[in-house]
Amino acid sequence: MLSRLLFTFLAVVLVLQPATGTVSAQTSEGNTLQQRAVDVVSVFQGRTAAEDVFDDAFLAQVPPAQLEQINRQLTAQFGDIIGVESLEANGPTSAKIVFRFERALGTASMNITGAEPFKVNGLLLQTFDPIDDDLAKIRTELEALPGSVGVLFSPLDPSAKAVFSLNDDDQFAIGSTFKLYILSALARSVENGERNWSDIVTINRRSFPSGMMQNWPEDAPVTIQTLATMMISISDNTATDILLHELGRNAVESELLSSGHSQPGRTLPFLSTLELFALKGSPSNAAKYIAADDVGKRRILLDFEDDVGGDPDQITPPRFSSPTQIDTLEWFASARDIQGIMQRITDLTDPTARTILAVSNAMPEARVKDWSYVGYKGGSEPGVLNLTWLLQSKTGKWHVLTLSWNNTEADVDKTTLDLLAQRLITFAK
């Protein structure tokens, strides 16, 4: 719940078949790497045991069943694996490999151990360059996902024509992407001279993970910039709730309204992470809250603050083993609403908020180099997934890429949406 979403295709491990005659490395180390690639193929064809090719550390982290699952996901996105387009040895134990799929070229790094029997100890697939891909195919695949999906890839200027849009005005649960509203409200408070990024506050309330600040000492002093960086870069829930309390709920709600949110009533009152945990962990209290009007909801939250404050030991958290009231208790936004808050962030004269967004950009380095700026925030819980990037082109033009996927019946697959996002970004104009 509310965990920082890692762009999972960066850590996809995959083994593939080299095509005869396509390996460019001519050195002995290249031949060794090529042979190990052939051995890996043999494993996946069921002719060789994985233990004979991969070292124990690799298999401990990536068992054969996981490799098969990843292989199925990639095949679904890019078609069958055809072979190796090229292999360039970087030394005796590593190589850059370009794998050819039916519909993409996948760039990877592969490593083997430095001593016989030279087992494979690393194979990391990093980027994809689609072949004969088009937006219509991506739309078809997005529409086929179970549940509902909303996507927008567009210049930040709302009057500009989008590169791609799908259900971009529909409301979706967005998980931790809601923290963009707190970041924007904080940055505007600094810009208005009400605060400084160096202001010190103390850790005086806590939430449940994601994050780590819930384990920091009581009353430890931290700057608001540190809190904001933790909130965005690792989606720290304790940092989030401290900032929301420092700013005040009204200030964050005002920022949400100023951003042009199309259905603010879905998200207001603006909940802290601990409040959401408490409501989802208590079906009876959740039912009362959902049934209440705005005044009643705010009264419930005032009582919660009196009784619990920022002490997670006072509540029973939900199990989150399956989607839990994701259509009624959440933070909601459409793709166009997210475009609006990103516009607010780019309008700031002070670049600190944008610097914070860029700490963890969740994008392969090869893709980052296509842009002069990449910032990111995502959010997830069972049945909820959002991926959002703020991008600036080499010519200075701002773009937003945001994808939301909700399913009230089952969890959603992060890798699937990650891969679709990478395919979409190649159509930047």
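Mind checking whether some residue in the range 407-419 is among the small types (Gly, Ala, Ser), open to solvent by 10 Å² or more (accessible area, probe 1.4 Å) and under 19 Å from the mean Cα position of the chain (by Cα)? Within the range 407-419, one or more residues are among the small types (Gly, Ala, Ser), open to solvent by 10 Å² or more (accessible area, probe 1.4 Å) and under 19 Å from the mean Cα position of the chain (by Cα). The set of residues from the range 220-240 being touching a residue at least 40 places away in the same chain (Cβ under 8 Å) and open to solvent by 10 Å² or more (accessible area, probe 1.4 Å) comprises GLN225, THR229, SER233, ILE234.
For the range 120-141, the count of residues that are over 29 Å from the mean Cα position of the chain (by Cα), open to solvent by 10 Å² or more (accessible area, probe 1.4 Å) and not acidic (Asp, Glu) is zero.
Filtering the range 373-418 to residues that are of a type in the set (A, V, I, L, M, F, W, C) and in contact with an Asp or Glu (Cβ under 8 Å, 6 or more places away or on another chain) leaves VAL384, LEU387, TRP398. Within the range 336-356, is there a residue that is among the basic types (Lys, Arg) and under 14 Å from PHE153 (Cβ atoms)? Within the range 336-356 (the criterion being among the basic types (Lys, Arg) and under 14 Å from PHE153 (Cβ atoms)), the answer is yes, since at least one residue qualifies. Open to solvent by 60 Å² or more (accessible area, probe 1.4 Å), modelled with pLDDT of 85 or more and under 30 Å from PRO323 (Cα atoms), is that true of ALA11? No: the conditions fail for ALA11.
Return a yes/no flag: does the range 95-112 have any residue that is in a loop (DSSP other than H, G, I, E, B), open to solvent by 30 Å² or more (accessible area, probe 1.4 Å) and at pLDDT 85 or above. Yes.
Across the range 353-375, which residue is nearest to ILE425 (Cα to Cα) among those that are among the basic types (Lys, Arg) and modelled with pLDDT under 95? Give the steps one after another, and end with the answer.
Of the residues in the range 353-375, the ones among the basic types (Lys, Arg) are 354, 367, 369.
Okay, now just the ones that are also modelled with pLDDT under 95, so 367, 369.
Values: ARG367: 9, LYS369: 13 Å.
Looking at the filtered set, the residue picked out is ARG367.
Quick one: would you say ALA25 is at pLDDT below 85 and either part of a loop (DSSP other than H, G, I, E, B) or in contact with a Leu (Cβ under 6 Å, 6 or more places away or on another chain) (or both)? In short, yes.
If you go through the range 57-83, how many residues are over 26 Å from GLU141 (Cβ atoms) and surrounded by 15 or more Cβ atoms within 10 Å (Cβ to Cβ)? Quick ask: steps written out before the conclusion?
Here is the first cut: in the range 57-83, the residues over 26 Å from GLU141 (Cβ atoms) are 57-61, 63-64.
Imposing the further condition that a residue be surrounded by 15 or more Cβ atoms within 10 Å (Cβ to Cβ) reduces the set to 58-59, 64.
Selection size over the range 57-83: 3.
Which members of the range 145-161 meet the condition of being out of contact with any strand residue (DSSP E or B) (no Cβ under 9 Å at 6 or more places or on another chain) and either open to solvent by less than 10 Å² (accessible area, probe 1.4 Å) or aromatic (Phe, Trp, Tyr) (or both)? Passing the criteria: none in range. On the given criteria, is ALA286 more than 24 Å from MET342 (Cα to Cα) and open to solvent by less than 10 Å² (accessible area, probe 1.4 Å)? Spelling it out, ALA286 is indeed more than 24 Å from MET342 (Cα to Cα) and open to solvent by less than 10 Å² (accessible area, probe 1.4 Å).
So, ASP313, is that one open to solvent by 10 Å² or more (accessible area, probe 1.4 Å), at pLDDT 95 or above, in a loop (DSSP other than H, G, I, E, B) and of a type outside the set (Ser, Thr, Tyr) or not?
Details: open to solvent by 10 Å² or more (accessible area, probe 1.4 Å): yes; at pLDDT 95 or above: yes; in a loop (DSSP other than H, G, I, E, B): no; of a type outside the set (Ser, Thr, Tyr): yes.
Criteria not met by ASP313.
Condition (residue is modelled with pLDDT of 95 or more, open to solvent by 70 Å² or more (accessible area, probe 1.4 Å) and basic (Lys, Arg)) applied to the range 171-188: is it met by at least one residue? Looking for residues that are modelled with pLDDT of 95 or more, open to solvent by 70 Å² or more (accessible area, probe 1.4 Å) and basic (Lys, Arg), one finds none in the range 171-188, hence no. Among residues of the range 52-81 being part of a loop (DSSP other than H, G, I, E, B) and among the acidic types (Asp, Glu), the one that is modelled with the lowest pLDDT is ASP80.
Scanning the range 345-390 for residues that are of a type in the set (Gly, Ala, Ser), closer than 15 Å to MET231 by Cβ, within 15 Å of the chain's Cα centre (by Cα) and open to solvent by less than 10 Å² (accessible area, probe 1.4 Å) turns up GLY375, GLY378, GLY379. Somewhere in the range 301-309, is a residue at positive phi and surrounded by fewer than 19 Cβ atoms within 10 Å (Cβ to Cβ)? The answer is yes, given that some residue of the range 301-309 is at positive phi and surrounded by fewer than 19 Cβ atoms within 10 Å (Cβ to Cβ). Applying a threshold of 9 Å to beta carbon distances and a minimum spacing of six or more residues, or different chains, the list of pairs starting in the range 243-255 at a residue that is crowded, with 20+ Cβ neighbours inside 10 Å and ending at one that is not in a helix (DSSP H, G or I) reads LEU243/VAL201; LEU244/PHE270; LEU244/LEU271; LEU244/SER272; LEU247/ARG195; VAL252/PHE270. Being under 26 Å from the mean Cα position of the chain (by Cα), without any contact (Cβ under 8 Å) to a residue 60 or more places away in the chain, under 23 Å from ALA358 (Cα atoms) and not in a loop (DSSP other than H, G, I, E, B), is that true of even one residue in the range 205-219? Checked against the condition, which is being under 26 Å from the mean Cα position of the chain (by Cα), without any contact (Cβ under 8 Å) to a residue 60 or more places away in the chain, under 23 Å from ALA358 (Cα atoms) and not in a loop (DSSP other than H, G, I, E, B), the range 205-219 yields at least one hit.
Restricting attention to the range 81-101, which residues are within 23 Å of LYS414 (Cβ to Cβ) and without any contact (Cβ under 8 Å) to a residue 40 or more places away in the chain? Hit for the range 81-101 is PHE101, nothing else.
The values are calculated or read from the model by the stated rules, or taken from the named source; none is laboratory data. All values derive from a computational prediction rather than experimental measurement. Note that each Cβ is placed from the backbone with ideal geometry, even for glycine, and that neighbours are counted across all protein chains shown. Just so you know, the surface numbers come from the protein's heavy atoms only, side chains and all, with ligands and any DNA or RNA stripped out. Shrake-Rupley method; radii C 1.70, N 1.55, O 1.52, S 1.80 Å.
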